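Input: a single structure, listed below in structure tokens.
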Amino acid sequence: DDAEECDPGLTGEQDYVYKMKNGGGVTPCIKLRHTFVRTARNCPDTTFMSIVADGSPAFQNVMSRLEIKSVPSIVFIRGARVVWRHEGVVGADKELQEGIAFFGGDKDQRETSDLIPDLNTAADVSAFAKASPASDDLLRVVLCLTTTAPQCLHIYPAMAAVAKDRIRNVTFARLLGDESPTSAQALSALGIKFIPTMLVFNAKTGQEVARHVVASRGEFLVKFLEEADKFSSNLQH
């Protein structure tokens, strides 16, 4: 059978495969391609490449080098290494958008990067933790992440939304622990054992007041709001 296969990424009773024969279209793949093209238009700082599954030796070589097991797959490459991948149609649109937000590239992310600076060393974290005397910040929050942990990709949009709304006079930053040897050393110096970990600092003194392992978007929001409310309450007494 020389049909090209499009794996929708489903399991169990729904684990079926869409097939494209004799030039016929595969609706889920076509819809994903439209999203891919639309996203590329909005991301001038990111290079997009579409590879057609034609079964040729060149295609098979690319599949092997990128360790792609099914089509369609979305692969994010940063610094000459694969940092993220999603295989199958199900959830691909969401993964594409969250990946672009996390790794940068679109105009909204460039605005977000001004609100959530990237830190690289323990010294960067210390400098960020204490706000300037002119700042009205009550807390500074650093989210320790990696580029390859799935939960980090999913949590980041929530962090960006909170940062944009300036909830509770809090400023955010992130530390990507696998971006460089110095960032990995920073995780060790800060005593980070699990990813993602949220560090909360008193913005007036720069002292750490709390840390939480936040495994999901909901947990991040709950823990952040708890700490912000607790700190505000302490100031009123």
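Amide H to amide H distances under 5 Å link Leu145 with Leu175, Leu176, Gly177, where only residues 5 or more positions off or on other chains count and H is placed in the peptide plane.
Computed over neighbours whose Cβ is under 13 Å from that of Leu187, the net charge equals 0, Lys and Arg +1, Asp and Glu -1. Determine the alpha carbon to alpha carbon distance for each of Lys31/Lys164; Lys94/Lys130; Lys193/Lys223 and list only those over 24 Å. With Cα atoms farther than 24 Å apart: Lys31/Lys164; Lys94/Lys130. With 0.36 nm allotted per residue and the present C-alpha distance subtracted, the Arg78-Phe194 stretch has 39.5 nm of extension available.
Summing +1 for each Lys or Arg and -1 for each Asp or Glu among the other residues whose beta-carbon sits under 13 angstrom from that of Pro196 gives +3.
If you take the beta carbon distance between Thr205 and Lys94 as r and set R0 to 41 Å, what does 1/(1 + (r/R0)^6) give as a FRET efficiency, to the nearest 0.05? The formula returns an efficiency of 0.55 here. Since only Gly191, Phe231, Thr205 are under comparison, the one whose Cα sits farthest along the positive direction of the charge dipole of region 116-235, derived from C-beta charges on Lys, Arg, Asp and Glu, is Phe231. Scoring 123-133, 31-41, 172-182 by mean Cβ neighbours within 10 Å over their residues and listing the highest first yields 172-182, 123-133, 31-41.
Where a number appears in this text, it was derived from the coordinates with a stated rule and is not lab data. The model shown is predicted, which means the values in this text are computed figures rather than measured ones. Positions of Cβ are generated from backbone atoms using ideal geometry, with glycine treated the same way; all protein chains shown enter the neighbour counts.
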